[in-house]
Amino acid sequence: MTMTDPGSPIVGLPPPRANPKLIGQDDAMTAFATATGGARLAHAWLLAGPAGIGKATLAYRAAREVLGATHEPADPIFRRIAGASHADLMVVDCGDGDAPGGGQGAEIPVARVRAIAPFLRLTAAEGGWRVVIVDGADRLNLHAANALLKLLEEPPNNTLMLLVCHRPSLLQATIRSRCRSLPLRPLATPTVTALLRQAALDLNDEALVALARLARGSIGRAVRLAADDAVSRYREIVAIANASGGDGDRLHALADSVSGPRAGSGFASLVELIQTIIQRTVERGARGGGEGEIVPGEGAAIRALLDRRDLARWVALWEKIGHRAALAERINLDRGQIVISALSGLAAPGRS
């Protein structure tokens, strides 16, 4: 139950191609290192898991190992990879988020995938391997996916393809079957909290921990939520859920905050936070107990929500909110009204 995150660099931390450290993914690093020491390295790997947990960082780390670099920034091969100037490494993605066709929600077109074949046919410039990173493989359009499948079926010798994928279920089964799967897990809350401190965010320890828990193991999501003042907004959502008849002033203030032309990612983040309290309500109702409050008053709010609807109706509301939010992004619906409707759905069983 998550919304999609952009795979953009994290403010205050090195971008994946220049990041010498991968924190919290020791199992995945060990699995790849063991494979490289074996008799035959799989030609294609599917690095799968939620956005913002280190998949792209691992892909560049794997590329460095195959291309003979160390993980020290002073290493000349490391520097060429970080600077996108290594002749034996090709990266295929959605492009610059500020350019047409780039950014969140953009597709990887077939032309970018077709450019891989001539690259792989070339002799390795440095006499070793040629490496391709497909960053955002779940964004391949149908023609691009078919073109990639052909490459995976007949890979040249000494080539390595690394597919970074947030949602592997969106990939063709035939593509998945031709890759060795390397799943990455969400990061532990203390790990995300420590990384947030490195990003030098102006938040106290209590807010950092709350932010890390809201991010559900994704440092990328945590930084985005921090930019959208997520902890304060989640407190407001909790207060609205706690009010038996809703809280009109808070409700309309939150809706107004994402209605303007410069709201940026605030709408997506706010919808995600509304979905978060619904998700935590469903989890609490299904399992009983809980892992403690993210912000003060959340436990009481969840108990109130469980009294207002059964779990099936909360799941249906979660899905309805997500559908309306996605529609708003596509056809420019009134975002404020969508937020008002979503928050009203928290307040009483008959309102959604």
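Only the coordinates and a few stated rules stand behind these numbers; no lab work does. Keep in mind that this is a model prediction, so the values were computed, not measured. Every residue, glycine among them, receives a Cβ derived from its backbone with ideal geometry; neighbour counts consider all protein chains shown.
222 nm [θ] for the chain, helices only, -39500 (n - 2.57) per DSSP H run of 4+, per residue, to 500?
Helix contribution divided over all residues of the chain: -15000 deg cm²/dmol.
With r as the distance between the Cβ atoms of ARG79 and LEU122 and R0 = 30 Å, compute the FRET efficiency 1/(1 + (r/R0)^6) and round to 0.05.
According to the calculation, E is roughly 0.85.
Rounded, prolate or oblate: which fits segment 228-347 when a ≥ b ≥ c are the square roots of the eigenvalues of the alpha-carbon gyration tensor, with rounded for a/c under 1.5 and prolate only if a/b beats b/c?
prolate
If the chain between ALA239 and ARG303 were fully stretched, how many nm would it gain, using 0.36 nm times the residue separation less the Cα-Cα distance?
21.8 nm
Pop a pseudo-label 7 angstrom from the Cα along the beta-carbon direction at both ALA227 and LEU311 and give the gap in nm to one decimal.
Going from the ALA227 label point to the LEU311 one covers 3.6 nm.
HN-Hα J couplings of segment 19-28 from phi, Karplus 6.51/-1.76/1.60, θ = phi - 60°, integer Hz, Gly and Pro as x?
Karplus values, whole Hz, x for Gly and Pro: 8, x, 10, 10, 9, x, 10, 4, 4, 5.
Where the centroid of each part is defined by its Cα atoms, how far is segment 102-142 from segment 304-344 in Å?
Measuring centre to centre over Cα atoms gives 37 Å.
On a straight-distance basis, which aspartates and glutamates could pair with LYS21 in a cross-link, Cα separation under 12 angstrom, same-chain partners fewer than 8 positions away excluded?
GLU72
Taking 0.36 nm per intervening residue step and subtracting the Cα-Cα distance, what contour gain separates LEU327 from ARG180 on full extension?
Full extension from LEU327 to ARG180 adds 49.4 nm.
Take the Cα gyration tensor of the chain, multiply each eigenvalue by 5, square-root it, and list the three semi-axes largest first, rounded to whole angstrom.
Value: 41, 21, 18 Å, ordered largest first.
How far, in nm, would the chain grow between GLU153 and ARG40 when pulled straight, counting 0.36 nm per residue and subtracting the alpha carbon separation?
That pair, GLU153 and ARG40, stretches by 39.0 nm at full extension.
Give a residue-ordered list of calculated ³J(HN,Hα) values for segment 299-316 (Karplus: 6.51 cos²θ - 1.76 cosθ + 1.60, θ = phi - 60°; whole Hz; x for Gly, Pro).
x, 5, 5, 5, 4, 5, 5, 5, 6, 8, 9, 7, 4, 4, 6, 5, 4, 4
Might you report the magnitude of the Cβ-based charge dipole of segment 125-192 about its Cα centre, with Lys and Arg at +1 and Asp and Glu at -1, to the nearest 20 debye?
220 debye
Would you be so kind as to identify which of ALA33, SER232, PRO73 lies farthest towards the positive end of the dipole of the chain, taking Lys and Arg as +1 and Asp and Glu as -1 on Cβ and the Cα centre as origin?
Sorting the options by dipole projection puts first ALA33.
Please list the non-local residues whose amide H lies under 5 Å from the amide H of LEU140, H modeled 1.01 Å from N, same-chain partners needing a gap of 5 or more.
Those qualifying (amide H under 5 Å, at least 5 residues apart or on another chain) are ILE108.
Using the crude model of +1 on Lys and Arg Cβ and -1 on Asp and Glu Cβ, and no other charge, please compute the dipole size for segment 228-347 relative to its Cα centre, in debye to 20.
Result for segment 228-347 is approximately 280 debye, rounded to the nearest 20.
Using only Cα atoms and rounding to the nearest 10 degrees, what angle (0 to 90) does helix 230-242 make with the longest principal axis of the chain?
The angle comes out near 40 degrees.
How far is helix 189-198 tilted off the main Cα axis of the chain, in degrees rounded to 10, range 0 to 90?
80 degrees
For the chain, with the dipole built from +1 on Lys and Arg beta-carbon atoms and -1 on Asp and Glu ones, taken about the Cα centre, which of PRO155, ALA316, ALA207 lies farthest toward the positive end?
PRO155
Could you give me the ³J(HN,Hα) list for segment 139-147, computed from phi with Karplus coefficients 6.51, -1.76, 1.60 and θ = phi - 60°, whole Hz, x at Gly and Pro?
Values per residue, Gly and Pro as x: 9, 5, 6, 4, 5, 5, 5, 5, 5 Hz.
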